[in-house]
Amino acid sequence: METPRIGVLVICHGGLAAALLETVSMLVGPPAKAWAVGLMPGEGVEDLETKVRVALGRLAPSDGALCLVDIPGGVPARVAGALTAGTGRAVETISGVNLPMLAEALLRRDDADLPALAELAVRAGRDGVVDLGAALRAAAARAAARSSRS
Amino acid sequence: MKIALVRVDDRLIHGQVVLGWVRMVGATRIVVADDDVAKDEMQKTLMRFAAPTGVETSIVSVEEAGAALAHDGFPDDTVMVLARGPRELARLMAAGVPVTKVNVGNVRAAPGRERLTKEVAADPDDLAAWQALDAAGVTLEAVWIPGGAVTDFNRVVRARVRT
């Protein structure tokens, strides 16, 4: 696989980002150009900004960056959001990162530009939230209706 | 219709493994050829949700899958075909589905089934089916996730005594 032109930064409270990135490699293999950044207890905005800048510094100047953060409010979202404007680099930020979103973001970098990749990631993240219990009860009801007809 | 990938994996649509392959080959539809699951509403429901975002699923019997795949049943799609084991695959080929290369994933380990590799076990019928596929010139590659290590599965089945 060629080197992707879009870097992926997972930015979360605590150890979540590192765990997500480590876990997603079980699904899609070890990802290139992807980094986990955590806001650890006792750290503030400046600490996280520094870590994010270090991660972004590993990208080529022309590379875009997709930031996946945990919750829409909070320091990770603020820091990533601040980068979305005014750094000269194309940056998109999405909150609510989950494994389907992260896997999609890592896998689709070759066939999408940054805004399209952000859309794909949002969709995969949303589609990963399913009330399986309700779906299975509906499936069971369909099966029961069919067997009572026959 | 383009058949982009044929994979043997007894978990069929299974998030962990399917995700990478679907995106790698650009599949727009997953065709599961399996008699048991085609009859089971619950399993079908779970598998539909396991398919990656935006990818259609057809979960049908081996016979229905064979008929559709042999006669351009999904004209606009790039298809990934999933079957549980080599015998299902042989039935698809007998129905006229063109298969030249098979991606071999996980095939059930159980008592009475001999381990051929870490991920693939076979009973004598399965082994005979693998060997028939090998003899028919089908390339068999055992590989877990895209970019992972590839085992020449033709060699593995040839190394076994013919049953």
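Given the criteria touching a helix residue (DSSP H, G or I) at 6+ places or on another chain (Cβ under 7 Å), part of a helix (DSSP H, G or I) and either over 22 Å from B:G96 (Cα atoms) or more than 10 Å from chain A (Cβ to nearest Cβ) (or both), does B:V31 qualify? When the stated conditions are applied, B:V31 does not pass them. When we screen B:V6, B:V18 for residues that are within 14 Å of chain A (Cβ to nearest Cβ), buried (at least 23 other Cβ atoms within 10 Å of the Cβ) and within 13 Å of the chain's Cα centre (by Cα), the only hit is B:V18.
Within the range B:34-51, take every residue that is in a loop (DSSP other than H, G, I, E, B) and at the interface with chain A (Cβ under 10 Å from one of its Cβ atoms) and give me the one that is nearest to A:M101 (Cα to Cα).
Applying the filter and picking the extreme gives B:A51.
Taking every residue in the range A:77-90 that is touching a residue at least 24 places away in the same chain (Cβ under 8 Å) and within 11 Å of A:G64 (Cα to Cα) and pairing it with any residue that is surrounded by 12 or more Cβ atoms within 10 Å (Cβ to Cβ) and not small (G, A, S), at least 6 positions away or on another chain, the pairs with Cβ-Cβ distances below 6 Å are A:A90/A:L114. Candidates B:G147, B:G96, B:G85, B:G66: the one that is under 26 Å from B:G26 (Cα atoms) and within 14 Å of chain A (Cβ to nearest Cβ) is B:G147. Could you grab me the full set of residues in the range A:73-107 that are under 14 Å from the mean Cα position of the chain (by Cα) and of a type in the set (S, T, N, Q)? Of everything in the range A:73-107, those that are under 14 Å from the mean Cα position of the chain (by Cα) and of a type in the set (S, T, N, Q) turn out to be A:T93, A:S95, A:N98.
B:D34 falls short on exactly one of the conditions (1) within 15 Å of B:V18 (Cβ to Cβ); (2) modelled with pLDDT under 95; (3) charged (D, E, K, R), and that condition is (2).
Among the listed residues A:A105, A:A17, A:A80, A:A65, identify the single one that is touching a strand residue (DSSP E or B) at 6+ places or on another chain (Cβ under 7 Å) and within 14 Å of chain B (Cβ to nearest Cβ).
Matching residue, one of A:A105, A:A17, A:A80, A:A65: A:A105.
Among all positions in the range B:55-77, there is no residue which is at pLDDT below 95, crowded, with 21+ Cβ neighbours inside 10 Å and over 30 Å from A:L120 (Cα atoms).
Looking at the range A:90-150, the helices (runs of 4 or more DSSP H) lying wholly inside it that each contain 3 or more residues that are surrounded by fewer than 16 Cβ atoms within 10 Å (Cβ to Cβ) and among the aliphatic types (A, V, I, L, M) sit at A:132-149. Of the numbered criteria (1) more than 8 Å from every other protein chain (Cβ to nearest Cβ); (2) hydrophobic (A, V, I, L, M, F, W, C); (3) touching a helix residue (DSSP H, G or I) at 6+ places or on another chain (Cβ under 9 Å), the one B:V25 fails is (3).
When we screen A:G86, A:G96 for residues that are more than 14 Å from chain B (Cβ to nearest Cβ), on the phi > 0 side of the Ramachandran plot and modelled with pLDDT of 95 or more, the only hit is A:G96.
Among residues of the range B:10-28 being at pLDDT 90 or above and part of a loop (DSSP other than H, G, I, E, B), the one that is nearest to B:A142 (Cα to Cα) is B:D10. Count of the range B:126-144 residues, restricted to those that are under 14 Å from the mean Cα position of the chain (by Cα) and either more than 14 Å from chain A (Cβ to nearest Cβ) or hydroxyl-bearing (S, T, Y) (or both), is 9.
The values are calculated or read from the model by the stated rules, or taken from the named source; none is laboratory data. Please read these numbers as outputs of a predicted model, since none were measured by experiment. Using ideal geometry, Cβ is built from the backbone for each residue, glycine included, and neighbour counts are taken over all protein chains shown.
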